1. If a residue has to be touching an Asp or Glu at 6+ places or on another chain (Cβ under 9 Å), of a type outside the set (D, E, K, R) and closer than 19 Å to Asn138 by Cβ to count, how many in region 220-255 make the cut?
2. Scanning region 203-246 for residues that are among the charged types (D, E, K, R) and under 16 Å from Ala193 (Cβ atoms), which turns out nearest to the ligand (Cβ to nearest atom)?
3. Any idea which of (1) farther than 20 Å from Glu90 by Cβ; (2) within 15 Å of the ligand (Cβ to nearest atom) is the one Leu17 doesn't satisfy?
4. Select the strands (runs of 3 or more DSSP E) contained entirely in region 146-255, then report the ones holding at least 2 residues which are more than 17 Å from the chain's Cα centre (by Cα).
5. Within region 109-123, does at least one residue satisfy the condition of being buried (at least 20 other Cβ atoms within 10 Å of the Cβ), in contact (Cβ under 8 Å) with a residue 24 or more places away in the chain and among the hydroxyl-bearing types (Ser, Thr, Tyr)?
6. Scan region 22-40 and tell me whether some residue there is surrounded by fewer than 13 Cβ atoms within 10 Å (Cβ to Cβ), not in a helix (DSSP H, G or I) and not aromatic (Phe, Trp, Tyr).
7. Cβ-Cβ distance below 6 Å, separation of 6 or more or different chains: which pairs start in region 18-32 with a residue that is free of Cβ contacts under 8 Å to residues at least 40 places away in the same chain and of a type outside the set (Asp, Glu) and end on one that is part of a loop (DSSP other than H, G, I, E, B) and surrounded by fewer than 19 Cβ atoms within 10 Å (Cβ to Cβ)?
8. Could you say which residue among Leu71, Leu49 is of a type outside the set (Phe, Trp, Tyr), without any contact (Cβ under 8 Å) to a residue 60 or more places away in the chain and part of a strand (DSSP E or B)?
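Just so it is clear, none of the values below were taken in a lab; they were calculated from the coordinates. Please read these numbers as outputs of a predicted model, since none were measured by experiment. Don't worry about glycine lacking a Cβ; one is built from the backbone with ideal geometry, like all the others, and counts go over all protein chains shown.
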Amino acid sequence: ADRFKEGRGKPGTPAPLAGRSVALVFEKASTRTRISLEIAVAELGGHPLVLTSAGSQMGRGEPIADTARVLSRMVHAITFRTAGVERLSEMVQYSSVPVLNALTDDSHPMQVLADLQTVRRVRGRLEGLKYAWVGDGNNMANSWIEAAGLLGFELRLACPAGYDPDERYLREAKARGARLLVTRDPKEAAKDADVISTDVFASMGQEQEQAARLRAFAGMMVDNKLTALAHPEHVVLHCLPAHRGEEIAADVIDG
Ligand code: NVA
């Protein structure tokens, strides 16, 4: 990814997707993931085919299996953003081409890969850094936990009671040797952290819980007081969209 990023628009940059098509299937809203996937496929020489529920038969309840079968006959890979992980599994089961997870309610690995690429660009390495998560134990938190297991880094997560990350992700990452701490105190997570990540309190599909979540997450905002505890060269990450003044202060995200 670093090489392709560096080579963007330069003559001689390889186009490994030449003559190939990638279906980008979205059952949930997307801005950055859709833009970056569509542009990436085009710049790598391929054809991006964007499909949303609203503009396709998926919106009328056509089974994922049938969508997977017809896509597999035409395209060379599928990216899929959906709510339930069982829908992603069905796409995988009935596709004969690779399927990439572009977010489910469970995880968002593409975002964390991109975040890690940013951390490496800014700090020069991933190893030996302290990572913090402040906020909801949601799909993003789960993917940070998975990354901590795969790369063996230290990750401290501050989540309010009742909003802890998925037990299964914690167990699997610990079994791989991740150093994980789940705390209620954002300060404990942020202290000396090299990377502080956060996300909205109410994710897509949880909009009706917004008021209750605002109460539960009181005191969890990533603001200047919290970042002052971190390593002087810390990086703040937010997968966006952001609610300034809720999970992150405007002067932190814009600063
Ligand atoms: N946790 C957020 C991530 C959005 C990119 C959501 O699922 O809505």
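1. Qualifying residue count for the region: 9.
2. Asp223
3. Result: Leu17 passes all but (2).
4. Working: elements: 154-158, 179-183, 195-198, 235-238.
Strands (runs of 3 or more DSSP E) meeting the threshold: 154-158, 179-183.
5. no
6. Within region 22-40, one or more residues are surrounded by fewer than 13 Cβ atoms within 10 Å (Cβ to Cβ), not in a helix (DSSP H, G or I) and not aromatic (Phe, Trp, Tyr).
7. Close Cβ pairs (under 6 Å, with a partner that is part of a loop (DSSP other than H, G, I, E, B) and surrounded by fewer than 19 Cβ atoms within 10 Å (Cβ to Cβ)) amount to Ala18/Gly45.
8. Leu49
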